[in-house]
Amino acid sequence: KQIKTGDEDDPGIATYDPGFVNTSSCRSSITYIDGDKGILEYRGYPIEQLAEHSTFLEVAYLLLHGELPTQTQLDEWVHDVTYHTFLHENCKQFIEGFRYDAHPMVMLMASVSALSTFYPEAGDISDPEVRQAQITRLIAKIPTLGAFVFRHQQGKPYVYPDNRLSYTENFLAMLFRMSEPTYQADPRLVQALEVLFILHADHEQNCSTNAVRSVGSSQVDPYSAVAAGVGALYGPLHGGANEAVLRMLNRIKTTDNIPDFIDGVKAGKEKLMGFGHRVYKNYDPRAKIIKKACDDVFEVTGVNPLLKIAQELEKIALEDEYFVKRKLYPNVDFYSGLIYEALEFPPEMFTVLFAIGRTPGWLAQWSELVQDKEQKIARPKQIYTGERTRDFIPMSER
Ligand code: ACO
């Protein structure tokens, strides 16, 4: 809406757009989305091709540098990330300070921001080498932090990184390698998780990326900016939706209960979690790829019984006037939780997986932001609706 500011000193017109529905906050050359056609591209490459042919670290390189790496560049990048996976030993103490039942996303947010204290040079964001060092560190260390918060919650000893393994295998080993030192993740499960990381790697100016950019615009170090992104992602309307979907499916329990549930949604009692998107007014292209990954995972783990409820919900919703009229389709979170559950993650870990996948995107956006000469500190206007100048009232007269 364009509205009068109402201010006598400034009778101009301001845009009132509280959810940034039609406001561009930046120029960016990283991710392209056409929400009506269901198109998602990273640096011009369609998400379908990247999910099929690429790896997560190659996609991270692409997002960060704008081009696919040569073999030498890729080898160097993978080597650098692999040899930064260890945490400073003191990091464990932060995690140990949390209650056993603290939400992993909050532990992750706190530990990401605490990383900045170990790398005080990180604040020198004008130096490209310093920037690159923090980018490598954060992408390398976030799976280790994610695995440590998981182990803390389970009351199990931490498993240190094993740098002989690939990025995603290493993450799974840190989570699930216990008394069984020969633990080896099934390559089909590793591949499914790798694809999920690729699908989550960036999504232009979503809520958490906007948080990273907004905080980053104050020129703070990248750990503090990314911690803000983790906080935003935690919310149930954003990355937390995958956890909420699983809880919703468990609550619905059987397909017989779906009609009542849908009636409740239409009556405004609750939302159909995992449906709807600010940008996609068509099927989320990531949801299509995830549906296929579901089949691959269930071939290994056996079918998750909640899949039937999800499929039935989708079928009913896609034919129902309420959802059709509002262009509400399944988003990335509708099916991802089913895969995560099949991989034996508890629901509160789902958004941590999303955060690991999104970290290269947050950092690519942060890097673009700090090099953008047009960028100013993010400081929106407001439309003031309160009282104007009035005299203080003594307590006895109130
Ligand atoms: N279930 C039921 N109704 C819905 C849903 C839903 N999931 N999503 C939107 N609607 C309705 C709204 O109530 C509104 O109806 P109205 O016009 O009668 O008031 C209409 O559809 C438009 O919705 P808005 O809230 O205006 O859409 P907005 O773009 O602001 O919100 C959002 C997008 C937050 C994703 C929303 O669709 C939602 O809450 N979905 C459920 C949570 C979810 O799955 N989030 C994950 C998003 S993807 C991600 O972050 C990775």
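Derivation of every value follows stated rules applied to the coordinates shown; laboratory data play no part. Predicted model only: the values in this text are computed from it and were never measured. Using ideal geometry, Cβ is built from the backbone for each residue, glycine included, and neighbour counts are taken over all protein chains shown.
In the chain, which longest range has no GluC sites (Glu not before Pro) that are both DSSP loop (not H, G, I, E or B) and surrounded by at most 14 other Cβ atoms within 10 Å? Provide the component values of the computation, followed by the final result.
On the way: sites that count: GLU8, GLU67, GLU270, GLU344, GLU374, GLU387.
It works out to 68-269.
Over 28 Å between Cα atoms, which of LYS271/LYS381; LYS327/LYS381; LYS37/LYS373; LYS271/LYS315; LYS141/LYS281; LYS271/LYS291 qualify? Don't skip to the end; give the middle numbers.
On the way: LYS271/LYS381 31 Å; LYS327/LYS381 31 Å; LYS37/LYS373 32 Å; LYS271/LYS315 16 Å; LYS141/LYS281 35 Å; LYS271/LYS291 21 Å.
Long pairs (Cα-Cα over 28 Å): LYS271/LYS381; LYS327/LYS381; LYS37/LYS373; LYS141/LYS281.
Among GLY44, SER126, MET107, whose Cα lies farthest out toward the positive end of the dipole of the range 1-129, if unit charges sit on the beta carbon of Lys, Arg (+1) and Asp, Glu (-1)?
Checking the options against the dipole of the range 1-129, the answer is MET107.
Once the range 109-254 is represented by equal point scatterers at the alpha-carbon sites, with solvent omitted, what log10 I(q)/I(0) does the Debye formula produce at q = 0.14, 0.16, 0.20, 0.22 Å⁻¹?
Ignoring solvent entirely, the Cα scatterers give -0.84, -1.06, -1.39, -1.44.
Using a 10 angstrom cutoff on alpha carbons, build the Gaussian network for the chain and name the most mobile of ASP80, ASP127, ASP17.
Most flexible of the set in this elastic network: ASP17.
Report, in deg cm²/dmol and to the nearest 500, the calculated mean residue ellipticity at 222 nm for the chain, where each DSSP H run with n ≥ 4 adds -39500 (n - 2.57) and the sum is divided by the residue count. Could the numbers behind the result be given before it?
Numbers: 17 runs with 211 residues, N = 398.
Calculated at 222 nm, the ellipticity per residue is -16500 deg cm²/dmol.
Pairs of alpha-carbon atoms within less than 8 angstrom and 6+ residues apart define the contacts here; what relative contact order does the range 291-398 have, in percent? Working shown, then result.
Details: 33 pairs, mean separation 25.1, N = 108.
Dividing the mean separation by the residue count of the range 291-398 yields 23 percent.
What does the charge count near HIS88 come to, summing +1 for each Lys or Arg and -1 for each Asp or Glu among other residues with Cβ under 15 Å from its Cβ?
In short, 0.
Report the residue, chosen from ALA378, ALA232, ALA201, that carries the largest GNM mean-square fluctuation when the chain is represented by alpha-carbon nodes joined by springs under 10 Å.
In the Gaussian network model the winner is ALA378.
Give me the percent relative contact order of the range 199-256, please, defined on Cα pairs under 8 angstrom at least 6 residues apart.
Details: 34 pairs, mean separation 15.5, N = 58.
The normalised contact order for the range 199-256 reaches 27 percent.
Can you bin every Cα-Cα distance in the chain into 20 Å intervals starting at zero and give me the percent of pairs per bin, rounded to whole numbers?
Per 20 Å bin, starting at zero, the Cα-Cα P(r) for the chain comes out as 26, 55, 18, 2 percent.
Provide the per-residue ³J(HN,Hα) series for the range 21-35, in order, calculated from phi with Karplus coefficients 6.51, -1.76, 1.60 and θ = phi - 60°, each as a whole number of Hz, with x at glycine and proline positions.
5, 9, 10, 8, 9, 7, 9, 8, 10, 8, 10, 10, 10, 10, x
Normalising by the residue count of the chain, find the relative contact order in percent from Cα pairs under 8 Å and 6+ residues apart.
Values: 542 pairs, mean separation 88.3, N = 398.
Reported as a whole number, the value is 22 percent.
Can you tell me which of GLN365, GLN191, GLN375 moves the most in a GNM of the chain? Springs connect C-alpha atoms under 10 Å apart.
Comparing GLN365, GLN191, GLN375 in a Gaussian network model of the chain, the most mobile one is GLN375.
Using a cut-off of 13 Å between beta-carbons, work out the net charge of the residues near VAL370 (Lys and Arg +1, Asp and Glu -1, VAL370 not included).
Values: positive: ARG131, ARG213, LYS373, LYS376; negative: ASP124, ASP127, ASP221, GLU368, ASP372, GLU374.
Around VAL370, the charge tally is -2.
Give me the compactness ratio for the range 1-149, meaning the Cα radius of gyration over 2.2 N^0.38 Å. Before the final figure, lay out the partial values.
Details: Rg = 20.9 Å, N = 149, 2.2 N^0.38 = 14.7 Å.
Cα Rg divided by the expected 2.2 N^0.38 Å: 1.42.
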